[in-house]
Amino acid sequence: MSTLRLHPVYRITVFVPPARLDALKRGILAVDDLAAGGYADGMWESAPGREQFRALPGTASAVGAAGEQVSEPTVRLEFCIPRGVPGDRERLQRLLDEGIAAHHPWNSPAVFVDAVEFAAP
């Protein structure tokens, strides 16, 4: 039986329409192989859910008009990279800019970054 240790990581969570999930994953992996703990290409996706929003006046929304309540199907995609190592912030920023923002269909994607610990051997 192996012993699990805690490793500091950035957990990046992004919500994306199901039809664009594969394109977003390819875009992220084109920027970074997400290598951590002896594995690469590690991602988790959750079953489709729904996201809702209402664009405010002056916002050029990719879906819906200003003032319109929108509810769209969405998938939660998560991945992590090591935290507390040289270059970690630059790696994170590159993933956000070149991996997510450049390949996400929305002009303001829902992206969350948490500094957490991952239990692994």
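The values are calculated or read from the model by the stated rules, or taken from the named source; none is laboratory data. No experiment lies behind these values; they were computed from the predicted model shown. Cβ sites come from the backbone with ideal geometry, for glycine too, and all protein chains shown count toward neighbours. These accessible areas exclude ligands, DNA and RNA; they are computed on the full protein's heavy atoms, side chains included. Shrake-Rupley method; radii C 1.70, N 1.55, O 1.52, S 1.80 Å.
For this structure, a couple of remarks:
- The set of residues in segment 87-112 that are within 23 Å of Thr59 (Cβ to Cβ) and surrounded by 13 or more Cβ atoms within 10 Å (Cβ to Cβ) comprises Leu96, Ile100, Ala101, Ala102, His103, His104, Pro105, Trp106, Ser108, Pro109, Ala110, Val111.
- Residue in segment 87-95 that is part of a loop (DSSP other than H, G, I, E, B) and out of contact with any Gly (no Cβ under 8 Å at 6 or more places or on another chain) present: yes
- Close pairs (8 angstrom Cβ cut-off, 6 or more residues apart or separate chains): at positive phi in segment 3-31, buried (at least 17 other Cβ atoms within 10 Å of the Cβ) anywhere: none
- Test for Val75: is it touching a residue at least 12 places away in the same chain (Cβ under 8 Å), part of a strand (DSSP E or B), over 12 Å from Ile12 (Cβ atoms) and within 15 Å of the chain's Cα centre (by Cα): yes
- For beta carbons closer than 8 Å, sequence separation of 6+ or different chains, a first residue in segment 33-49 that is more than 16 Å from Leu21 (Cβ to Cβ) and a second that is of a type in the set (A, V, I, L, M, F, W, C) and loosely packed, with under 14 Cβ neighbours inside 10 Å, the qualifying pairs are Asp33/Ala40.
- So Val70, is it of a type in the set (Val, Ile, Thr), open to solvent by less than 50 Å² (accessible area, probe 1.4 Å), outside any loop (DSSP other than H, G, I, E, B) and at pLDDT below 95: yes
- Residues of segment 3-42 classified as open to solvent by less than 80 Å² (accessible area, probe 1.4 Å) and among the polar types (S, T, N, Q), total: 1
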